[in-house]
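One structure is given here, and the rest of the page talks about it.
The values are calculated or read from the model by the stated rules, or taken from the named source; none is laboratory data. Not measured: the values here are computed from a predicted model. For neighbour counting, all protein chains shown are included, and Cβ atoms are generated from backbone atoms with ideal geometry for every residue, glycine included. Accessible surface is based on the protein model in full, side chains and every heavy atom, while ligands, DNA and RNA are left aside. Shrake-Rupley method; radii C 1.70, N 1.55, O 1.52, S 1.80 Å.
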Amino acid sequence: MEKDIKELYDAAMKVKEKAYAPYSDFHVGSALRTKNGKIFTGCNVENSSYGVTICAERNAIFKMVSEGEQEIASILVIGDTEKFLPPCGACRQVIAEFSTKDTPVIMCNKKGEFKESTVGEILPFGFSLNEDR
Ligand code: THU
């Protein structure tokens, strides 16, 4: 695993421990690096009113935006799954808002293996008001 990915992987593993998931018991961690080189992390935070649960990826992205950054250089997601955990549809849309089509999306499994894709690949024909995206 190259150094850039390893850093995101370690950060996502660490924040996954903070997941608040008493309803699904499905713990997710996400870490992203911005164009300025800063890393932001997020875990999923569930609620007894299930629909207001927030996913790990959106948690990380909202933290990034609230700290004044808006450009994702790469984003990684990990859960305790056999398969490479893909971001949900809602998260894909939010990732796309702050990415380009070529932005790497790194999906990990519980064995520490990963699959690298891009925003354009995981959200083809995605909606955007920005003609450049
Ligand atoms: N979850 C994420 O955090 N990210 C995803 O991309 C998929 C789903 C969370 C939401 C919920 O807390 C749990 O996983 C089960 O759906």
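Below, the figures for the structure above:
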item	result
Gained length - K111 relative to D4, 0.36 nm times residue gap less alpha-carbon distance	36.7 nm
Probe 1.4 Å, accessible area per residue of the chain, Å²	56
By accessible area with a 1.4 Å probe, ligands and nucleic acids excluded, highest first: order of D25, D4, D132	D132, D25, D4
Amide H within-cut-off set for T103, under 5 Å, with H built and near neighbours excluded	V119, G120
Whole-Hz ³J(HN,Hα) from phi, Karplus 6.51 cos²θ - 1.76 cosθ + 1.60, for the stretch 102-117, glycine and proline x	8, 4, x, 10, 10, 10, 10, 10, 6, 8, x, 8, 8, 10, 9, 10
Ellipsoid semi-axes in whole angstrom, largest first, where each is sqrt(5λ) of the Cα gyration tensor of the stretch 57-133	21, 15, 10
Listed residues A56, A31, A73, most fluctuating in the chain (Gaussian network, C-alpha, under 10 Å)	A73
Whole-Hz couplings from phi, Karplus 6.51/-1.76/1.60, listed for the stretch 50-62; x for Gly and Pro	3, x, 8, 4, 10, 6, 4, 5, 5, 4, 4, 5, 5
³J(HN,Hα) computed for each position of the stretch 95-100 - Karplus, 6.51 cos²θ - 1.76 cosθ + 1.60, integer Hz, glycine/proline x	4, 4, 4, 10, 9, 10
Among P104, F84, N36 the positive-end extreme of the charge dipole of the chain (Cβ point charges)	F84
Carbon plus sulfur fraction of accessible area for the chain, probe 1.4 Å, in percent	51
Solution diffusion estimate, µm²/s, Stokes-Einstein, the chain, Kirkwood Rh from C-alpha pairs, 10 °C, viscosity 1.306 mPa s	109
Cα gyration tensor shape for the stretch 1-65, rounded if a/c is under 1.5, else prolate or oblate	oblate
Cβ crowding within 10 Å averaged over residues, with 11-18, 39-46 ranked highest first	39-46, 11-18
Among S48, S117, S74, residue whose mean-square fluctuation peaks in a GNM of the chain (springs only between Cα atoms under 10 Å)	S48
